[in-house]
Each structure stands twice: as structure tokens, then as C-alpha cells.
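The values are calculated or read from the model by the stated rules, or taken from the named source; none is laboratory data. Here the structure is a predicted model, which means the values were calculated and not measured. Methodologically, a virtual Cβ is constructed for each residue, glycine included, from the backbone with ideal geometry; neighbour enumeration extends over all protein chains shown.
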Amino acid sequence: MTAQLPGAPRVLPDFPWDALDAARERAAQHPGGVVDLSIGTPVDATPALLGEALAATGNAPGYPAALGTAALRTAAAGWLSRRLGVTVADPLAADPSVIPTVGSKELVALLPTLLGLSGGGTVLIPSVAYPTYEVGAVVAGLTIRRTDVPPPDADGVVLVWLNSPGNPHGRVMDDDELRAWVDWGRAHGVPVAADECYVTLGWDVEPRSLLHPAIAGDDHTGLLAVHSLSKQSSAAGYRGGLLSGDPALVRRVWEVRRHLGLLVPTPVQAAMTAALADDAHVDAQRDRYRSRRDRLAGAVRTAGLRIDHSEAGLYLWVTRDEDCWATIGWLAGLGVVAAPGSFYGPAGARHVRMALTATDERIDAAVERLAG
């Protein structure tokens, strides 16, 4: 189903989460209450160091810079190097190699527009994909094509979205796959953007950034990467994200963002700076998610369901080899809500996504119900 915006020629998908209302109502009737594993919103306390930095810069009467403070861009470059092995060009240069964004979703939704790609053409997205890639294409007046491999030609293609580790399925692209996209994009002059918001959450494998020298080579020409503090720092409410990569492309995005007033508030920039300089809280949060993953995955398998991919990220990609809505109904009967795989494209129609972002108490409740 689609919804036509009044006075607008573009047709957006319906907001998918509304379709889960009936399942939520049924699950809420369980005597132990609902266990909502559908939307992957963090529930653990935001580390104190972020709040302290936020409060210390609360006196912020002037407008923040779309470019980001020098301290934030320096901290971001340090984080990319330390955690991902990525060396960006001078973050303080006239053409910046990294800038802050208002979370990652708005950047994903607006990237085609910010790059000036509006008006025609095709965006390539994964076969099973975060819905906002499609939304961003529609907003810019573009079409999408779903593919997991570079096509034989680039006719009409204006942008490629990669997502590794993937949402919803947690699949990690290997080095050969990433390099194939880099080579294809550069050969055809098509920008390749990688959504890497779960890159620090590898479980069975170690995810690699598109910007890593083993993938990108000596520079980041034609490449962009998107990162977020929402999950790794349990700070989704702060709306702090990063865009890095090819300085020419980053500058293009920055120039439009400052015209539009897409500014990360000064106190949030300070909190981001503190978070990006500290590894301890990231590692602690990762350990919490690993523990929840181990417990929930064991219960899912004990209940006779199969987990596909899920080697990284914050979700289990689960199937009973039936239509996803049948699985949603079965889980709702246990008081558990998951996300139907059809939200993420036709190829997801026989899976559901179960998030690891519930509290330990709710995860344990899900484990008990699945075991029962």
C-alpha cells in the first residue's frame, strides 16, 4: 500500500510499523506482559560521560556549525582510525572528510537529495534492506532496484547503498564483495555509500568498513560511509551520526546541509566528542548485547526456529519456513512482538527480525516463553 502526500507528486510507502498494531494488542494480553522485539530502540542508560559533556555545554546561545566543531571532527577521525582501521583525509581541511549528522536515518533519507541526484535515475539497494533507502530515493524522485551484486551495466544508476552488517538480517559482506562494489562504482562514476551503523557489533565475524585501505585502496574517491552513536553508545535520543569518506562528496553534502539548517546542536556535538574518544562504554554495551544475543538465540533454536545470517548487528533473522505474518501471529500468542521480514523487501517474506535491544528482564521473559 502507498500513501499520496497532498500536493506532492511522490508516493511514499506506508509507515510499516503501523501494521503491527494487531500483533501488539494480542501480545499485550499475555499475563506476563508484552515483550517487544520489533523496533531496535536502545533501552540501556546513556553513559554518564555523554550527559556530563551535554550539560557542560548547555549554555549555547549561538547557532552550531553544520561542519561540526574541530574537536568533534578530530575525535571522529580518531575513532575511525582506532576502531575501524580507517584513515580519512584531513578532517579539518577545506574539503572535510567527516561531518556530524542528525542521527543516521535523516542522512540516509536525504543523501540522494543532498548529493543533487534528484529528478531521475535509479538507486541500487540490497535485496533485503532498511526501508529508508527506498524512502530517500522516492523523496528525490528516483527509483530503486534491489540487488546484492554489481549489475552488468550502470544505465541510469546514480547511487549505490550497501549495508554491512545488514539490517535486518545481520549479514556481513566479505572483502571481495566490498571491493567488487568499489571497483564497479569507480568504473562507472557512481557513488557508493555504505551504511555501517552496526559495524562495531560483529559476533561471528569482524565487519570491515568500506573505507578500510584493504577495500578502498589509498583514497576514498567515490565512497561514503555512515555511522551512528545510537546503538554503540546507547544514545539514540541524542541523534548523533557521522558521514565520512570522499572529501568532494562530503563537502557537497555539507554545503547543502548548512543551507537547509541541518545542524547538530552544540551540546550534542560535545557529547559526541566525548563518546567517540572513549572505548570503555562501547565495549561494555557490546558485552550486554552479546549476552542477550546468546540467550535469545539459544531459546529460538530450542523452539525449533532457524536463525539465518545474524553474524553481526542487533537482530536475529528468524524463520519457521512459513509466511512471516504467520510467524508474527505465533509469536504474538506467546506475548512476543517481532518485525515481519516483508518490511524489508519481498525477499524477506519468510523471516522475522528479533531485536536484542530489550532489557535483560524482557529478554529472559522471551526466553522462558519460547522454551515453554
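Is it the case, given these coordinates, that residue 55 is in contact with a Pro (Cβ under 8 Å, 6 or more places away or on another chain), surrounded by 21 or more Cβ atoms within 10 Å (Cβ to Cβ) and outside any loop (DSSP other than H, G, I, E, B)? So residue 55 does not fit the description; no.
This table checks each residue for (1) of a type in the set (A, V, I, L, M); (2) within 14 Å of residue 223 (Cβ to Cβ).
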{"site": "110", "(1), (2)": "yes, no"}
{"site": "144", "(1), (2)": "yes, no"}
{"site": "160", "(1), (2)": "yes, yes"}
{"site": "169", "(1), (2)": "no, no"}
{"site": "175", "(1), (2)": "no, no"}
{"site": "192", "(1), (2)": "yes, yes"}
{"site": "195", "(1), (2)": "no, yes"}
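Candidates in the range 115-130 are the residues that are surrounded by fewer than 22 Cβ atoms within 10 Å (Cβ to Cβ) and touching a strand residue (DSSP E or B) at 6+ places or on another chain (Cβ under 9 Å); of these, the one that is nearest to residue 216 (Cα to Cα) is 115. Only one of the listed residues (273, 327, 319) is more than 19 Å from residue 41 (Cβ to Cβ), of a type in the set (S, T, N, Q) and over 23 Å from the mean Cα position of the chain (by Cα). That residue is 327.
Here's the yes/no breakdown for (1) closer than 26 Å to residue 171 by Cβ; (2) among the small types (Gly, Ala, Ser); (3) in contact with a strand residue (DSSP E or B) (Cβ under 8 Å, 6 or more places away or on another chain); (4) buried (at least 24 other Cβ atoms within 10 Å of the Cβ):
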residue: 204; (1), (2), (3), (4): yes, no, yes, no
residue: 213; (1), (2), (3), (4): yes, no, no, no
residue: 220; (1), (2), (3), (4): yes, no, yes, yes
residue: 229; (1), (2), (3), (4): yes, no, yes, yes
residue: 235; (1), (2), (3), (4): yes, yes, no, yes
residue: 247; (1), (2), (3), (4): no, no, no, no
residue: 250; (1), (2), (3), (4): no, no, yes, no
residue: 256; (1), (2), (3), (4): no, no, no, no
residue: 261; (1), (2), (3), (4): no, yes, no, no
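Here 187, 248, 193 are screened, and the one residue that is free of Cβ contacts under 8 Å to residues at least 60 places away in the same chain, more than 30 Å from residue 56 (Cα to Cα) and either part of a strand (DSSP E or B) or not charged (D, E, K, R) (or both) is 187.
Does residue 347 qualify as being under 21 Å from the mean Cα position of the chain (by Cα) and more than 21 Å from residue 292 (Cβ to Cβ)? When the stated conditions are applied, residue 347 passes them. Scanning the range 304-329 for residues that are surrounded by fewer than 16 Cβ atoms within 10 Å (Cβ to Cβ) and not in a helix (DSSP H, G or I) gives 304, 306, 308, 321, 322, 323.
Any residue at all in the range 254-261 that's in a loop (DSSP other than H, G, I, E, B), out of contact with any Leu (no Cβ under 7 Å at 6 or more places or on another chain) and modelled with pLDDT of 95 or more? Spell out how you get there, then give the answer.
Pass one, the range 254-261, residues in a loop (DSSP other than H, G, I, E, B): 261.
Cutting the leftovers down to out of contact with any Leu (no Cβ under 7 Å at 6 or more places or on another chain) gives us 261.
Cutting the leftovers down to modelled with pLDDT of 95 or more gives us 261.
Yes, that holds for at least one residue.
Within the range 194-212, is even one residue acidic (Asp, Glu) and under 15 Å from the mean Cα position of the chain (by Cα)? Even if it seems obvious, please write down each step before you answer.
Taking the range 194-212 and keeping what is acidic (Asp, Glu), we get 195-196, 204, 206.
From what is left, the residues that are under 15 Å from the mean Cα position of the chain (by Cα) are 195-196.
Taking every residue of the range 194-212 in turn, at least one turns out to be acidic (Asp, Glu) and under 15 Å from the mean Cα position of the chain (by Cα).
Taking the conditions (1) hydroxyl-bearing (Ser, Thr, Tyr); (2) crowded, with 21+ Cβ neighbours inside 10 Å; (3) under 21 Å from residue 198 (Cβ atoms) in turn, residue 359 satisfies each one other than (2).
In the set 16, 31, 64, only one residue is modelled with pLDDT of 95 or more and surrounded by 12 or more Cβ atoms within 10 Å (Cβ to Cβ); that residue is 64. Annotation note: of 128, 158, the sole residue that is part of a strand (DSSP E or B) and at pLDDT 95 or above is 158. Inside the range 264-287, residues that are outside any helix (DSSP H, G or I) and of a type in the set (Asp, Glu) make up a count of 2. Sub-7 Å Cβ pairs linking a first residue in the range 264-291 that is within 11 Å of residue 64 (Cβ to Cβ) to a second residue that is of a type in the set (Lys, Arg) and in a loop (DSSP other than H, G, I, E, B), at least 6 apart or interchain, are 268/239, ordered by first then second residue.
Every condition in (1) modelled with pLDDT under 95; (2) acidic (Asp, Glu); (3) assigned to a loop (DSSP other than H, G, I, E, B) is met by residue 44 except one, and the failing one is (1). In the range 137-145 there is at least one residue matching the filter, namely being part of a strand (DSSP E or B) and either buried (at least 19 other Cβ atoms within 10 Å of the Cβ) or not charged (D, E, K, R) (or both).
Just checking, does the range 288-303 include any residue being outside any helix (DSSP H, G or I) and modelled with pLDDT of 95 or more?
First, pick out the residues of the range 288-303 that are outside any helix (DSSP H, G or I): 303.
From what's left, modelled with pLDDT of 95 or more: 303.
Within the range 288-303, one or more residues are outside any helix (DSSP H, G or I) and modelled with pLDDT of 95 or more.
Residue count for the range 89-115 under the criterion of being without any contact (Cβ under 8 Å) to a residue 24 or more places away in the chain and under 11 Å from residue 243 (Cβ atoms): the result is 0.
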